[in-house]
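The values are calculated or read from the model by the stated rules, or taken from the named source; none is laboratory data. Everything numeric in this text was worked out from a predicted model, so none of it was measured. Glycine gets a Cβ as well: all are built from the backbone with ideal geometry, and neighbour counts include every protein chain shown.
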C-alpha cells in the first residue's frame, strides 16, 4: 500500500485547525491545511487599514485563566494589556459601563454604595414579581418577564430590551425565557468585562498569531474541501481534521442546522479618536446596529492614539441567516440542539475524523477554549 503524503489533512485554518497543525507538526507529523477563504486565521483575521488592524469578522479579545494556554499563545506572539471594558449608549442618551456594576448603577440611579444599589435592584425585582402574581403568572413566560425578575425595569429597558430585540429580530415578549438564565451583577466599581486572570490582544494583530502557528506548514487557501480533489481525502492523509459545519460534512442528510450571523459596515474617519473606546453597544431600537467597534483601541493606548491621524470603525448589524452567509453562532433552541446531537452521534462513527471548533461541534466557543480543545485533541490522536 502506497504511503500517504500527509498524516493530517486539516480543513480550516482558524484557531482550532492552526493550533492542531502547529502542535502535530512539532511532534513530527506531516500536515496540509486548506481553507476556502483567501486567508488563514478564520474569524480572527485582521485587515490592515490606515495602519490599524481591523478585526474583519468582529471584535476578538483573548481571555483565559489557564496559564498553560496563556503561555502557549504568548510563545507564538506577545500579547498587549488590552482590557475589555465596553460601554452602552442607551435610549435615554446616556453612556453606561458594562458589565452591570456599581458604575452602571451610579450612572442610572446615583447610588454610591453596594447596599443602596442592592436595595434599588431588590425593589424593582419585587415590583416585577408582583405584577406577574397579580396576573396569575408563577414562572416567567418569556425573556421580558425573565429579565424583569432578574434585574428590574430600569436596567432592562435601558440596557437589555432594544439590544436583544435587534439581535434576535423579535420582541422580547416573544422570545423564550431560557435565553437569559442569569444576569451577572457586580457590586464593585469594576468595568473589566472578564473575570479571567489573563487577557489581551496579540501585539501586531491576530494575523501574527495565525501565521505564527502555521509557520513552515503547507497551507492552501481558496480551496473549498467539498469542491476540490481533497474531498477524497483518504487518498492523501491518514486522518482528517474537520472544522467546517457539521451538517455540511454529512450532506445535510438529517436537515440543516440554523445559525445566527452578523454583518459589518466599516468606515474610515478623518479624526484620530471617534468614540474613545473599542466597543460601544447601542441598546436603542432607533439605531439599526448593535454596536460600533473602533479598532485602534485594541492596540493603541495613550499618545499612540493621536499619532495615527485617522481611525476605522465598524458598525455591527445582526442579520437573518441565509445560505451563503458566514455562520457565526449556533442557535440555542430545542430543535437545533436535538438535530446537532444527532449529527454529533454520526461524527462519533467517523473514527479517522476529528471534528473540532464552533462549526464542527455546533457549540459556541471563546478563543482560549478552542486552543485548549486543540491541545487535548492532538494528545488524544497521538496516543
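Descriptive notes on the structure:
- Among (1) touching a helix residue (DSSP H, G or I) at 6+ places or on another chain (Cβ under 7 Å); (2) closer than 26 Å to residue 160 by Cβ - the single one residue 331 does not satisfy: (1)
- When residue 84 is tested against the conditions (1) outside any helix (DSSP H, G or I); (2) modelled with pLDDT of 95 or more; (3) touching a helix residue (DSSP H, G or I) at 6+ places or on another chain (Cβ under 8 Å); (4) within 22 Å of residue 181 (Cβ to Cβ), the lone failure is (3).
Yes or no, residue by residue, for (1) farther than 30 Å from residue 71 by Cβ; (2) outside any helix (DSSP H, G or I):
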| site | (1), (2) |
| --- | --- |
| 116 | yes, no |
| 127 | yes, no |
| 140 | yes, yes |
| 157 | yes, no |
| 181 | yes, yes |
| 186 | no, yes |
| 222 | yes, yes |
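- Residues that are farther than 16 Å from residue 244 by Cα, over 22 Å from the mean Cα position of the chain (by Cα) and part of a loop (DSSP other than H, G, I, E, B) were ranked within region 331-351; the one that is modelled with the lowest pLDDT is 351.
- Just one of the listed residues (90, 115) is crowded, with 16+ Cβ neighbours inside 10 Å and either at pLDDT below 95 or more than 30 Å from residue 374 (Cβ to Cβ) (or both), and it is 90.
- Residues of region 73-132 satisfying the condition of being free of Cβ contacts under 8 Å to residues at least 12 places away in the same chain, farther than 19 Å from residue 279 by Cβ and within 28 Å of the chain's Cα centre (by Cα): 74, 75
- Residues of region 257-274 that are assigned to a loop (DSSP other than H, G, I, E, B) and under 22 Å from the mean Cα position of the chain (by Cα): 257, 258.
- Qualifying residue in region 163-171 (condition: surrounded by 16 or more Cβ atoms within 10 Å (Cβ to Cβ), under 30 Å from residue 92 (Cα atoms) and at pLDDT 95 or above): yes
- Any chance residue 281 is in contact with a helix residue (DSSP H, G or I) (Cβ under 9 Å, 6 or more places away or on another chain), part of a loop (DSSP other than H, G, I, E, B) and either more than 24 Å from residue 328 (Cα to Cα) or not assigned by TED's automatic domain parsing to the domain that holds residue 27 (or both): no
- Residue match in region 290-302 (condition: crowded, with 17+ Cβ neighbours inside 10 Å, in contact with a helix residue (DSSP H, G or I) (Cβ under 9 Å, 6 or more places away or on another chain) and assigned to a loop (DSSP other than H, G, I, E, B)): yes
- Checking each residue in region 364-379 for being assigned to a helix (DSSP H, G or I) and either out of contact with any strand residue (DSSP E or B) (no Cβ under 6 Å at 6 or more places or on another chain) or modelled with pLDDT of 95 or more (or both) picks out 367, 368, 369, 370, 371, 372, 373, 374, 375, 376, 378, 379.
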